[in-house]
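Values quoted throughout were computed directly from the atomic coordinates according to the rules given, and no laboratory measurement underlies them. Quick caveat: nothing in here was measured; it's all calculated off a predicted structure. Reconstructed Cβ throughout: ideal geometry from the backbone, glycine too, with neighbour counts over all protein chains shown.
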Amino acid sequence: MVESTTQQPLTHDNAAHRTPHAARIKRLRPTNAAVYLAMVLLFVLLGAVNYQSNAAYLVLAVVSSTAVMSLLHAWRNLNGVRLIPGRTFPVFAGEPLRAQVRVEAGERDRWALVIDAPEIPDSDGVPIEHLPPDDSTTIELVLPGRRRGRQTLTRARLSSVHPLGLLAVMHETEATWSWVVYPAPLAGGQDPDGDGDDHLAGVRRSNTGDFHGHRPYQPGEPHRRIDWRAVARGRPLLLKDYTLGGTAECWIDWTDDVIADVEIHLSVLCGRVVAAERQGRRYGLRLPGRTIELGHGVDHQHICLEALALFEATP
Amino acid sequence: MSQSLITSEPHGFARVLWLLVAMTMATLPFLDILPPWLTLALIVLGTWRLVTEHRGLVVVPILPVRLLLVLIVALLLLATGNLGFGLTAATPLFVSLLWSKLLELKARRDFLVACLLCYFLVAVLLFDQQSLLTCLYAIATLGAITIALVSYHLDHGAGRSFRMGSRLLLQGLPLAAAIFVLFPRLQVNFPNLGGQAVSGFANSLTPGDVARMALSDAPVMRVEFPDGDMPTADQLYWRGLVLSQTDGATWTVAQETLAYESAPAPRNPEYRAIVQDISLQPQNQRWLFALEVAEQPPEKTRLGLNRTLYRRQAPVQVLRYSVTSRLGELPIDVDELGLQLPTQLDPRVASLAQEWRAGTNAPQVIAERGMAWFKANGFTYSLSPGTMDAGAAEFLFDKRTGFCAHYATAYALVLRVAGVPARVVVGFREGERNDVGDFLLVRYDHAHAWCEVRFADGWHRFDPTRGIPAAPGETAPATRRAGGADPLASADRSPSWMPAWLRGPYTRVNQWLAFVDAKWESNIMGLDSAKQGEWFGMAGFQRFGNWLLIGLLVGAVGTVVVAFVWWSRRRPTRRGVDPVAELYAQYCQRLARAGVVRHPSEGPRDFTARAAVALPALAEGIRAVGELYEQLRYGRPEAAADGLQRLRRAIRAVPRHVPVQPPVERSSAAGRPG
């Protein structure tokens, strides 16, 4: 629940897409429990008719009115909750996508909420047990990894069966989360400087290099780079940055390798970009139809990787 | 052993506690029909589950073992005669099924099934009983079940579930009342599912029947006299069945009692006609009761030539009927069985008959002699005279003690042998006057049997039990009533441990309860389509029938929905708002006045950093507030013990009117803390 307004060049602020009423009731669906309860009530009705028992009609009346009230409370529990899409962070292909959702309670208590992504089958919902009035919380939906390119999630769903579990009330956002998914970094091919020992993705083995310093964790960044020892000492979430010495320049060129499969080719280039950045070099990228000049740093790496991510082979 | 157990996910103490409360409340009313060993097993089971939930480790038997356990319980119930067909007879099995769910509370479905079974048990309870107290108890139980269901979907402690559940129940009550009043009362007769009505008189009488009924003080009828005065005690003979046929031990109703086509014209119009509004508990029998003798039968009821009232089918619910009797009138039917005798007869009976009819042929004289004979020969009244297999002769000549059924059957038999037509009548005698509601309450222990003897002008009532003294040590209800100055006064039914000064108020409270119950049963539980018609405009009702009710019902639900939505849209009350959030909002307002406005999506940490830069004079205070707020909001709960106080102090330390600074652009100050 760390909140931050810090602008990160790598993030995509989806708040620009948000609509004034970010959440609307989309669907009311009776649960299985409602069906079972209806069956029991039907049985009670048969008994009441058979025994001409007004007392049994009384049970019928009390239970069904309680059920009606629970439907109304279920609606009230979600009415006015706002779902606001948060930022997204680029990931490598195959890594889980993290979508931030900010949930604002609005004017009253909210109970037993679940947030999930209806587009993703079998995605686990994130529960929020209680949200006090005027409070908000930010949760992360973790989606399975996807292939490179620009990926989007157009709906997040807020649902609850509170209080009796008879009615599932669902809200959906109409906003869009957008990710740049880099190609999965891959070793191989022609290393620009010939030292192929450290070709694998820096992301995977980044903590083998020299410790460069800490920077604050941003939600959505890979958890494995968090300095957990620092967390255990009570410090905020910090990310470990690593770097290797060296100031050599290099060009990462599409034509260095001849690889039939475009995706593998892109992955190899991606691995080199990551390695070069990690080694602290100045590097540039030459792709068919696009050249990125020499540079280094997180922003420069992003520009290069984004170019690889969005690369489309001309037929 | 280890293979027959599996570890189950704990459900959470609060949840299981609420479920147990609901289950216990649903089970309690059936405690008297559960065998003691089952009750003990349920207590053990409930305690075990609660303890294991408390420890957080639940080990339950695997499915085949659980099924085996339920099967064993079912067989035990069957073997001990606690299980039968029909809803109520199978209740012990339902109860065991419900409690066995404690062994398999694993998935959400198990919890739900347990709750639904509880609902079902409440309904089974109310199929039979409908007193006000039972209904209130049932509603409370429904509330407990609702709370248990709420707790299932909430991880937020027992208190919140209780508040939400009771709110659902209470807010639903107006709608429940509307549904109850408006729901069309269908009149369909299904095959009998086996309701458990208390057994009343069968079509036959053996003395043991009356003794069994006399042990219960449950109410059997409630009688109001709309025309005014209650008859005197010696007129209160509630005639039910007329038994003419005997085999010496048992007296039975003659088959095919002929009935009047229409109400007979009164032979003695000067006698007092009295209207009785009666509500009769179901007793698994077709006979209705009225003061002697009935003249105007209620609806759907036949009036026999012997002035008995009977229906085609035994009522399954409390039956309300209005009947007119003419006090002092005699039945004048010709009963062909009036002189029928059993095939075997003790010679002592014949000689007693000879003694009674010595020197006369007048039935009246013979009948009077018989009454006097009982009093002169040391007979006593006892509800537990022991078995009398030899029937009337054993009673008359050996035991000489018994209760009304013994006297009536023996008396009628001797009269028949003496050549005087006689028969046995069973019903109730007298009743308890309720001073609060001015009605008469007849209980099962008012059950009585007496005789009718044929004179030339008709059948005359003779009650041989009257004036018989109680046997030593007997506290028979009839004796107890007869002892007082007012035979219709409420009997003292207070428990024996009660101190004397409490007995008067106790009886008084009971009278009030009986009165409220009477009103409840006749007005609320007595609601039927006819009453619905009266309430909702007879004309419209007759024309549209139940569709009118359904329309009103839909309207009621719609009204509730609209009212609820309106109520929800109102501004919420500030009560119950998180105090931390409220304090922080005040603090943000102060800073806003100084020109540092918190952006809606700005986190407290960034806001603190920005404000500290924008208002350097207050930086220390601002950081203190920010740190405290963060701890309270996102920190561990134990850190927030006195945090609220500290936050309040820290916010007070920030001046209410901060010197206004030029507004600071958010973006210029935005940066990472640290």
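Computed from phi, the 3J(HN,Hα) profile of the stretch A:165-180 under the Karplus parametrisation 6.51, -1.76, 1.60 (θ = phi - 60°) reads x, 9, 9, 9, 9, 10, 10, 9, 7, 10, 8, 10, 9, 10, 10, 9 Hz, with x in place of Gly and Pro. Converting phi to 3J(HN,Hα) with the Karplus coefficients 6.51, -1.76 and 1.60 and the offset θ = phi - 60°, the stretch B:304-320 yields x, 4, 8, 6, 9, 10, 8, 10, 5, 10, 5, x, 9, 10, 3, 10, 9 Hz in sequence order, with x at every glycine or proline. In this structure, B:LEU513 and B:ASP227 have a Cβ-Cβ separation that, at R0 = 25 Å, corresponds to a calculated FRET efficiency of about 0.40.
By other beta-carbon atoms within 10 Å, ranking B:ASP247, B:ASP32 with the fewest at the front produces B:ASP32, B:ASP247. Each of B:VAL318, A:VAL262, B:VAL561 was scored by other Cβ atoms within 10 Å of its Cβ. Listed from fewest to most, they are A:VAL262, B:VAL561, B:VAL318. Per residue of B:169-180, other chain Cβ atoms within 10 Å of the residue Cβ number 6 on average. The ranking of B:GLU299, B:GLU104 by Cβ neighbour count inside 10 Å, starting from the fewest, reads B:GLU299, B:GLU104. Couplings 3J(HN,Hα) of the stretch B:511-526, computed from phi: 5, 4, 4, 4, 5, 4, 4, 4, 5, 4, 5, 7, 9, 8, 6, x Hz, in residue order, whole Hz [Karplus 6.51 cos²θ - 1.76 cosθ + 1.60, θ = phi - 60°; x for Gly and Pro].
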